[in-house]
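The values are calculated or read from the model by the stated rules, or taken from the named source; none is laboratory data. Being a predicted model, the structure only gives us computed values, none of them experimental. Here the Cβ positions follow ideal geometry from the backbone for every residue, glycine too, while neighbour counts run over all protein chains shown.
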Amino acid sequence: MTQNGIHHVTAIAGPARRNFDFYTRALGLRFVKKTVNFDDPGTYHFYYGDETGRPGSILTFFPWEHASPGQLGVGETFETAFRIPEGSIGYWAHRLLDKGVVHETPRRSFGETVLAFRDPDGMRLALVGVPGAEAEPGWSGGEVPVEHAIRGFHGVTLLLRDAGPTQAILTDVFGFAEDAREDAAIRLKAGDTAFGGLVDLRVGGGFPRGRQGAGSVHHVAFRAADDPTQEDMVRRLAENHRITTTEQRDRNYFRSVYFREPGGVLFEIATDVPGFAWDEPVASLGQALKLPAGLEAHRARIEEVLPALA
Ligand code: ZN
C-alpha cells in the first residue's frame, strides 16, 4: 500500500546543545542520527524521531550557534504538530510547565485538543490529542513514559496568501485530499496514513512575508516510497504545474529533490529508502557521529569544531 504524507520537517535552530536537550529530554524524542550539514560540515544536522526514525516521525535541525531569530510570515510553516494519546494532554501540560516551557491554553481545532507551545528558538509546536494513538508505537527508551510518548507528526500548518495552488499540488502530486474546513484553514489528509498525514493550509493575508532564521521551518519533505515514485511525482509537477525540481541529491538516509511551491514554502520529495538503520544498528542510533564517505577523511577536524552536546 502506498504511504503518502510528510516524510520529515527541517528547521533552523540556535545553539546545538540547547536544541538537543529540548527535543531529547523535554519532548522525549529519540535522537535518531547525529551527522553534519553536508553543505557546511562544521555544523551539525540533527535528526529526532521514533525508535527507528520512520518517515512521518522525523524532525531535523540545522543548529547554528549564532543564528539570528527568524520572523514568521506568509509562505512559511506556521506550526508543526505531534500526535499524542488523547488522554495525555494533562500529562503534557504539567510536563511542559515542569520543564519551564510556557504553553498556551489547550484549544479545540478540527474537533481535536491542541496544546501549543514554542521550542527554545521560538519554533511553533503543538501536541494534539488523538483518539486511539495510545495503540501506536512510541519510543520507550526516553524520559517520557511510553504511554504518553509522542507518536510521530500529526501534521503541519502552512501560512499562505492563497491556498489554491498549494492545495492543487498536495492533492495532485502528494496524494492528499480535502478533509475539512474551519475558519481560515483547509485541512488536507493523505489517505489513511497513520502519522504525518495532515497538512492544514491557513490563509493569513495580513501577515507580511517571513524571514528565515532560528525557529523557522526551512522545508517540509513529503514521502515517495522509492526512486520511481519520486520520478513520477517530479513528472506530474512538471506536466501539470509547470514546476521544475532540483536534481536528485543523496542525503545518505533518503534521496531528495526540492522545489519551491507557489505559496512560497520550500518542499522536498524524499524517498522512504534506505532509512536510518543502514549505517548503524537500531539499538545505537544517534550515538556516533556519522559522516558521508566524502567527509570521512576530515573526521578529526570536523569533530574538533563541532560543539559538545554534554
Ligand atoms: Zn529535508
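Listed values, structure above:
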read-out: Selection within the range 5-21 - touching a Phe, Trp or Tyr at 6+ places or on another chain (Cβ under 6 Å) and either away from the ligand (no atom under 16 Å from the Cβ) or not in a strand (DSSP E or B) (or both); value: A16, N19
read-out: Enumeration of residues in the range 206-251 that are within 14 Å of the ligand (Cβ to nearest atom), touching a strand residue (DSSP E or B) at 6+ places or on another chain (Cβ under 7 Å) and not in a loop (DSSP other than H, G, I, E, B); value: V217, H218, H219, V220, A221, F222, R223, A224, Q230, R249
read-out: First in the range 158-183 and crowded, with 21+ Cβ neighbours inside 10 Å, second anywhere and at pLDDT 95 or above and among the basic types (K, R), Cβ under 6 Å, 6 or more apart; value: L159/R202; V173/R236
read-out: Residue among V203, V173, V156 that alone is of a type in the set (A, V, I, L, M), out of contact with any Cys (no Cβ under 7 Å at 6 or more places or on another chain) and within 16 Å of the ligand (Cβ to nearest atom); value: V156
read-out: Among (1) within 15 Å of the ligand (Cβ to nearest atom); (2) under 24 Å from V305 (Cα atoms); (3) modelled with pLDDT of 95 or more; (4) not basic (K, R), the one test that F31 misses; value: (1)
read-out: Filtered residues of the range 134-157 (kept if in a helix (DSSP H, G or I) and either within 17 Å of the chain's Cα centre (by Cα) or without any contact (Cβ under 8 Å) to a residue 60 or more places away in the chain (or both)); value: E134, A135, V146
read-out: Contacts under 7 angstrom Cβ, first residue in the range 255-282 being in contact (Cβ under 8 Å) with a residue 12 or more places away in the chain, partner in a strand (DSSP E or B) and more than 13 Å from the ligand (Cβ to nearest atom), 6 or more apart; value: G263/L158; G263/L160; G264/V74; V265/E76; V265/L158; L266/R260; F276/V32; D279/K290
read-out: Any hit, the range 103-121, residues being without any contact (Cβ under 8 Å) to a residue 60 or more places away in the chain, in contact with a Pro (Cβ under 9 Å, 6 or more places away or on another chain) and under 27 Å from E268 (Cα atoms); value: yes
read-out: Among the residues listed as P274, P292, the single one being within 16 Å of the ligand (Cβ to nearest atom) and either closer than 23 Å to G196 by Cβ or at pLDDT 95 or above (or both); value: P274
read-out: Options A81, A116: the member that is over 30 Å from P274 (Cα atoms), assigned to a strand (DSSP E or B) and at pLDDT 95 or above; value: A116
read-out: Condition check for I269: under 15 Å from the mean Cα position of the chain (by Cα) and modelled with pLDDT of 95 or more; value: yes
read-out: Residue among F61, F38 that is within 16 Å of the ligand (Cβ to nearest atom), surrounded by fewer than 21 Cβ atoms within 10 Å (Cβ to Cβ) and either of a type in the set (A, V, I, L, M, F, W, C) or at pLDDT 95 or above (or both); value: F38
